[in-house]
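The values are calculated or read from the model by the stated rules, or taken from the named source; none is laboratory data. Everything numeric in this text was worked out from a predicted model, so none of it was measured. Here the Cβ positions follow ideal geometry from the backbone for every residue, glycine too, while neighbour counts run over all protein chains shown. Heavy atoms of the whole protein, side chains included, go into the accessibility calculation; ligands, DNA and RNA do not. Shrake-Rupley method; radii C 1.70, N 1.55, O 1.52, S 1.80 Å.
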Amino acid sequence: MELKTIDVGIGMALMFLFVSVICSAVREIGELAIKTRASSLAAAIAQMLDTDQVPGRIDAFYNGPLISALFKGDYQDALVGFLRKWVPFVGRTALPSYIPADSFAKAVLQLVRDDNQQAGLMTPNATLAIGDLRNWAASAPPDGLKQAVQTALDSAGGELATAQAALEQWFNSAMERVSGAYKARTQLWLLLIGFVTAASMNIDAVTVMQRLSTDDTLCDAVVAQAGATLATCAQGQAHCIVKPVGAAPTAAAPPASAATPAAVPGTEPTPIAPPSAASTPPAVTASAEVDAQVSEIKAVTAQMMEVGWPIGWVGGKPGPQFSLLATSGQSSAKVYAGLGLWQKLQWWLAIVGGWLITAIGVTFGAPFWFDVLNRFMVVRSTVKPDEKSAKEKSKG
């Protein structure tokens with residue numbers, strides 16, 4: 001593989017990494033505002049409890065001692081104003097984004113206890129036994145929760161602990177489905193955010209690749225920036241633009257002194273891993289987190305502008321693409337004015353296509369592009385010294 005091809009690959013991986021970090025930060029700001037993780041969890045639990053048949057169950061579940069300890073206020077207060085009537089779950093910004101499986105199972109058993117006590121089947125201070133669970137299943141309305149409890153009883157073998165374990169497994173299985181649906185929605189959001197970001201900043205993947213292929217000065221600067229980015233991440237999460245792997249509804253720390261892949265020609269570097277969740281700082285307030293995300297967006301944008309990436313708008317026109325229209329005898333403005341309607345449409349469609357490619361790249365996520373970038377830098381360090389020497393002589 002030629003060194004130039006590797007350098008272009010490094011540049012593209014770094015571009016996708018930067019844009020992915022920006023879009024992930026925007027997505028997290030949105031998540032802090034509307035708490036889609038919490039609302040998705042609440043919707044799934046409502047379905048499991050079959051609240052269509054027994055609407056009061058969801059309130060009792062969240063207001064019970066085990067679950068209410070995971071968030072502030074009560075279930076109804078967690079809903080934002082007018083959304084209460086029209087959107088049952090979106091807007092519940094105070095509800096927990098995560099509930100342990102054993103807490104869910106115990107909360108379900110608490111619902112059974114409450115129902116039995118209201119029906120006079122149990123005294124207030126009685127301990128729930130497997131027989132009480134059977135009594136509830138026999139008298140409860142025929143809904144989804146009753147079927148789940150009956151299934152747990154069938155496998156319990158007369159042991160309440162076994163029935164509870166079955167309820168925990170039921171919850172875990174449901175959460176796998178919820179997690180898959182949430183990830184799919186997140187991918188769609190990242191695609192949309194990626195396209196809007198690419199359009200607003202004019203980050204055209206095709207134009208960037210063309211410039212990296214033809215502009216050696218820019219390509220060298222980008223490769224140097226890639227090496228600096230990896231070296232910074234090797235110092236720990238506090239300095240790295242990539243978030244911990246699996247930190248969101250997600251271990252070994254990076255090497256203490258991992259070498260920058262391109263730092264020593266002819267030697268094979270140690271691959272640098274993204275910082276682990278173990279190095280994540282303690283939780284902060286929502287406002288502080290928003291400030292941190294905004295600062296991250298500004299920092300990444302500044303890095304892209306510092307090197308002179310072929311992005312951005314100039315005078316209402318996509319700067320890098322517009323400048324390419326110029327010829328030896330005519331300015332870009334004259335060439336653009338002389339284009340026919342169909343030619344202008346083709347020109348703009350090509351730019352929009354580049355934005356779309358950028359957006360699609362964003363859906364892979366920053367950790368993916370960090371890994372790709374790292375691998376490219378490792379390959380670059382193994383390129384034969386004579387190939388690098390030839391490139392240096394050609395510059396001279």
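If you sort LYS146, LYS72, LYS35, LYS106 by accessible surface, 1.4 Å probe, largest first, the order is LYS72, LYS106, LYS35, LYS146. Pairs exceeding a 30 Å alpha-carbon distance, out of LYS35/LYS317; LYS183/LYS298; LYS72/LYS106: LYS35/LYS317. Accessible area ranking (1.4 Å probe, heavy atoms, ligands and nucleic acids excluded), largest first, for ILE311, ILE45, ILE34: ILE34, ILE311, ILE45. For PHE364, no residue 5 or more places off, or on another chain, has a built amide H under 5 Å of its own.
Once all protein chains are placed together, THR217 keeps about 110 Å² accessible to a 1.4 angstrom probe.
Could you state how much accessible area THR123 has, in square angstrom rounded to the nearest 10, with a 1.4 Å probe and all protein chains kept in place? Near enough 90 Å² of accessible area.
Take the Cβ atoms of ALA129 and ALA181, set R0 to 25 Å, and the FRET efficiency comes out at 0.10. With 0.36 nm allotted per residue and the present C-alpha distance subtracted, the TYR336-ARG375 stretch has 10.0 nm of extension available.
A straight chain from TYR98 to GLU159 at 0.36 nm per residue would run longer than the Cα-Cα distance by 19.2 nm. With a 1.4 Å probe rolled over the protein heavy atoms of all chains, the accessible area of LEU14, LEU70 falls in the order LEU70, LEU14, largest first. Taking label points 7 Å from Cα along the Cα-to-Cβ direction, SER295 and ASP215 give a separation of 3.1 nm.
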